[in-house]
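Here, each number is a calculation from the coordinates, and none is a lab measurement. Note that this is a predicted model, so its numbers are computed, not measured. Cβ coordinates were reconstructed from backbone atoms using ideal geometry, including for glycine residues, and neighbour counts include every protein chain displayed.
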Amino acid sequence: MSTIVTTARGPVRGERRADGSMRFLGIPYAQPPVGELRFAAPVPPEPWSEPLDATEYGPTAQRRPFAEVTTIPEPSIPGAGVLNLNVFTPTPEPEAALPVMVWIHGGGYVAGSAASPWYDGAAFNRDGVVLVSVGYRLGIEGFLHLEGAPDNRGVRDWIAALEWVRDNIAAFGGDPAKVTIAGQSAGGGAVQILLTVPSAQGLFRGAISASGAVVRPDGPEVARAAARLLTSRTGVPATAAALRDLTDQELLDLQHRMSEPGPDLAGLPPMLPLAPFADGELIPVPVLEALTAGGAGAEVPLMLGFTEDEFTMFPPPDGVPLPVLLGGLGLDPAGTAAFVKEYEAAGADRLFGQALTDTIFRAPNLAVADARAAREHPTWFYEFRWCSPAAGQAFHCLDLPFAFDHLDAEGVVAIAGNEPPRALADALHRAWVAFVRDQDPGADWPRYTAGERITKIWDAEPRTAEDPLRAIRALQLP
């Protein structure tokens, strides 16, 4: 059975599901970024009068997955209108005024898909939450500094999507005053970025940053270095005029050449040469600085954390000495020695992956939690430690099927085994729902404070612990 909802731009026809909830897929929140709009700020879509079919996912900005095999099923859907979003709702009745979670997918800012079955909103709908998942420009189109184009175009896409939510979500049963932004990996980084962006303030009241990838260094000089890298490696000027008419495949080939290993990557963020950066305007100052020293997002309740092993499975590149690798992650000789001593029992083959895990995820997110706790900003901190029998680690993305309560979704058995703990999914999903609804995950998870640093440990038997990550802080990682 279909239902028609009228948005500010025109009517959309969604699909009612067997459980009574509804989904509206592929709704445009901006015009297709093609031609003169390819590297422009997002522009609102032209109005339409006939009902727009919203029963299938719209085009994705991802044309090529992050890797041949990814943990998350991430469909690539062709088409120009990639600036679209999906709404999953228990009931499209304005009087319902339900809390809303806006989901920003991960993928290293170069890949990922809002059309993943892992991001289906069925379980959140069951529990009285409207879920919106957002597509946005990726890679060169979204984040490369280009002459003749505004910076941080992907960030501008997130803001445009949030403005669409503000203006339209009531028609789908949501309350625009009860919006929580949430994301994982690059999406978790997006959440932290949005906490610092002045033009995004007032578009959400709460934030969930899961495994937020914190970009460092982060500033105009790094963005200009990435632009120079494109030109030096490909001979193509880093200008909107030079790139605007290239095919998707040609642009992807340029992007691939930018990401290949080489000494000219020195000074660029590890694994993230194409990412948001502090441009001095949209993003005024580096995000980690804004969150730790500047107190950005002070009044917004924040839930943040990571998995225990994140990128620990990544082997070191062949032939590169460990001190050189760790130096590329920002560790000086003294820091390298302290790091190696802390993890020597884990074995040399795991040290590089552990360094990625600690420098990209654990240390910076712990610093954000500590800074907020020192200022008494509402913060809840966690580490996901359930060890998958399929891989022997609590690795990157493993927590998502538990948070979304989708243990039966495509691809979950491959990463979590045949019998992932149902009780863990129930508890983790319940905490997310409570946070979106009440801005507090529940009485069994106290705030993270400077005095106690209570941390939620998500394991087969969830528990809390007092400052269990003090060793990370002691390492003084960059």
Test of understanding: what is the full-extension gain from residue 264 to residue 247, defined as 0.36 nm times their sequence separation minus their Cα-Cα distance?
3.5 nm
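For residue 449, what charge total do you get from the other residues with a beta carbon under 13 Å from its beta carbon, if Lys and Arg give +1 and Asp and Glu give -1?
Numbers: positive: 372, 375, 447, 453; negative: 370, 376, 452, 466, 467.
Combined, the nearby Lys, Arg, Asp and Glu give -1.
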Can you list residues from other chains, or at least 5 along the same chain, whose modelled amide H is less than 5 Å from the amide H of residue 52?
12, 13
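Quick check: convex hull of the Cα atoms in the stretch 212-334, volume per residue, rounded to a whole Å³?
Details: hull volume 21.0 nm³, N = 123.
In the stretch 212-334, the Cα convex hull volume per residue is 171 Å³.
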Please list 3J(HN,Hα) in residue order for the stretch 329-337, calculated via the Karplus relation 6.51 cos²θ - 1.76 cosθ + 1.60 where θ = phi - 60°; whole Hz, with x for glycine and proline.
8, x, 8, 7, x, 5, x, 4, 4
So what is the diffusion coefficient of the stretch 70-150 in µm² per second by Stokes-Einstein at 25 °C and 0.890 mPa s, using a Kirkwood Rh over Cα pairs?
172 µm²/s
How long is the gain from residue 55 to residue 324 if the chain were fully straight, where each residue apart is worth 0.36 nm and the alpha carbon distance is subtracted?
91.7 nm
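Working from the alpha-carbon coordinates of the stretch 142-300, get Rg over Rh, Rh being the Kirkwood radius. Mind showing how you got there, number by number?
Values: Rg = 16.9 Å, Rh = 16.8 Å.
Checking Rg against Rh, the ratio lands at 1.01.
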What number, in percent, do you get for the relative contact order of the stretch 57-171 if the mean sequence gap of Cα pairs under 8 Å and at least 6 apart is divided by its residue count?
29 percent
Let me see the pair-distance distribution of the stretch 30-85: every alpha carbon pair, 5 Å bin width, integer percents in order.
4, 15, 21, 22, 17, 12, 6, 2, 0
With a ≥ b ≥ c taken as the square roots of the eigenvalues of the C-alpha gyration tensor of the stretch 273-350, please select rounded if a/c is under 1.5 and otherwise prolate if a/b is larger than b/c or oblate if it is not?
prolate
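Taking Cα pairs under 8 Å and at least six residues apart, what relative contact order does the chain come out at, in percent? List each step's numbers first, then the result.
On the way: 1039 pairs, mean separation 62.8, N = 478.
After rounding, I find 13 percent.
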List, in order, the whole-Hz ³J(HN,Hα) value for each residue of the stretch 453-465 obtained from phi through the Karplus relation with A = 6.51, B = -1.76, C = 1.60 and θ = phi - 60°; use x for Gly and Pro.
6, 5, 10, 7, 10, 8, 9, 3, 10, x, 8, 10, 9
For a quick check: with amide H placed at 1.01 Å from N, whose amide H comes under 5 Å from residue 173's, ignoring anything fewer than 5 positions away on the same chain?
93
Inter-label distance for residue 1 and residue 76, nm, one decimal - labels placed 7 Å from Cα along Cα-to-Cβ
4.0 nm
Kindly write out, for the stretch 184-190 in residue order, the coupling ³J(HN,Hα) from the Karplus curve 6.51 cos²θ - 1.76 cosθ + 1.60 (θ = phi - 60°), rounded to whole Hz, with x marking Gly and Pro.
10, 6, 4, x, x, x, 4
Counting Lys and Arg as +1 and Asp and Glu as -1, what is the net charge of the other residues whose Cβ lies under 14 Å from the Cβ of residue 244?
-3
Could you check the simple spin-label distance between residue 341 and residue 376, using points 7 Å along Cα→Cβ, in nm with one decimal?
3.8 nm
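Note down the relative contact order for the stretch 121-253 as a percent, whole number, built from C-alpha pairs under 8 angstrom at least six residues apart.
Numbers: 145 pairs, mean separation 29.4, N = 133.
The normalised contact order for the stretch 121-253 reaches 22 percent.
Quick check: net charge around residue 82, other residues with Cβ under 15 Å of its Cβ, Lys/Arg +1 and Asp/Glu -1? It would help to have the intermediate numbers written out before the result.
Values: positive: 38, 63, 64, 137, 153, 156; negative: 56, 74, 141, 157, 248.
With Lys, Arg at +1 and Asp, Glu at -1, the net is +1.
Mind ranking 282-293, 219-230, 106-117 by how tightly packed they are, going by the mean number of other C-beta atoms within 10 angstrom, highest first? Mind dumping the intermediate values first?
Values: 282-293: 20.4, 219-230: 18.5, 106-117: 24.7.
Output ranking for 282-293, 219-230, 106-117: 106-117, 282-293, 219-230.
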Estimated [θ] at 222 nm from DSSP helical runs (n ≥ 4, -39500 (n - 2.57)) normalised by residues in the chain, nearest 500
-8500 deg cm²/dmol
Scattering profile of the stretch 413-478 at q = 0.22, 0.24, 0.25 Å⁻¹ [log10 I(q)/I(0), Debye over alpha-carbon scatterers]:
-0.98, -1.04, -1.07
Please order 396, 377 by the number of other Cβ within 10 Å, starting at the fewest.
377, 396
The convex hull of the Cα atoms of the chain, divided by residue count, gives a volume in Å³ per residue of 134 Å³
What is the set of long-range amide H partners of residue 101 at a cut-off below 5 Å, with H atoms built 1.01 Å from backbone N?
130, 131, 132, 180
Can you sort 178, 341 so the residue with the fewest Cβ neighbours within 10 Å comes first?
341, 178
Counted neighbours (other Cβ, 10 Å), sorted fewest up, put 21, 388 in the order 388, 21
